1. How much area per residue is accessible in the chain when the probe is 1.4 Å and only protein heavy atoms are counted (Å²)?
2. Hey, which of these cross-link pairs are over 29 Å Cα-Cα: LYS18/LYS113; LYS35/LYS110; LYS37/LYS175; LYS54/LYS113; LYS54/LYS119; LYS37/LYS105?
3. Determine the share of the chain's accessible area contributed by carbon and sulfur atoms, expressed in whole percent, with a 1.4 angstrom probe.
4. If the reach is capped at under 18 angstrom between alpha carbons, list the aspartates and glutamates near LYS111, excluding any in the same chain fewer than eight residues apart.
5. Indicate the gyration tensor shape class of segment 73-114 (rounded, prolate or oblate), computed on the Cα atoms with a ≥ b ≥ c the square roots of the eigenvalues: a/c under 1.5 is rounded; otherwise a/b larger than b/c is prolate and the rest oblate.
6. For the chain, what percent of Cα pairs sit more than 30 Å apart?
7. What translational D, rounded to a whole number of µm²/s, comes out for segment 44-134 from Stokes-Einstein when the hydrodynamic radius is the Kirkwood one over Cα pairs, at 10 °C and 1.306 mPa s?
8. Pairwise over distinct Cα atoms, reciprocal of the mean inverse distance: report the Kirkwood radius of segment 98-186 in Å, one decimal place.
Amino acid sequence: MTLEEIRKQIDAIDTQMKPLFLQRMECARYVAEEKEKTGGNVYVPEREREIIEKRASDVDTDVREEYVTFLKHLMSVCRRYEYGFLDHMQADVVEGALTIAGLCKEAEHKKVKISYSCKTADHTLNLYLNMISLNQIVIEKMQVETEGDIQIVTMELCGNVNDSNMRQLLCQIGKETEHFEILSLE
């Protein structure tokens, strides 16, 4: 095949994937609606690991890691979408973290400094960086320290805790990581 023929085949595959992606996102919305009623967690790591293991078990080893990464990113994007419908959960996470820090969301600010930890082996830091990008948030500063198998992440994010994308992002990070804190509003 020529490069042009390969590109046409890729275009055809991408065209076929689009309606499946849209169906997947519609299902994610239904999941969010159900979670809003039941109060269940959006992120259930055991279930995601189980799904990934099951779906990747028959994938050729040459592309298995890429397929697993694809599934992790797809699931993360779906969770991001779900958190966008869960205003009560966003309020609980963001306002709870602000209260613990003694901060007021009405205070004028253009930056939010946060901290959280995650397991190094899970490679979730990359997913959270992607979520920051998807929420159109800019990282002004970032520091990562590794202690054993834990990464401790501190970030200064440009934005305001009252903006919908920031609340959605903080909710996702707050629900999916350990030791999430809002350190300051500047």
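1. 62 Å²
2. Beyond 29 Å between Cα atoms: LYS18/LYS113; LYS35/LYS110; LYS54/LYS113.
3. 52 percent
4. Result set, ordered by chain and number: GLU95, GLU140, GLU156, ASP163, GLU181, GLU186.
5. Taking the square roots of the gyration eigenvalues as a ≥ b ≥ c, segment 73-114 is prolate.
6. Everything past 30 Å amounts to 27 percent.
7. Reported coefficient: 101 µm²/s.
8. For segment 98-186, inverting the mean 1/r across all distinct Cα pairs yields 13.1 Å.
The values are calculated or read from the model by the stated rules, or taken from the named source; none is laboratory data. Please read all numbers here as calculations on a predicted model, not as lab measurements. Note: accessible area is taken over every heavy atom of the protein model, side chains too, but ligands, DNA and RNA are not part of it. Shrake-Rupley method; radii C 1.70, N 1.55, O 1.52, S 1.80 Å.
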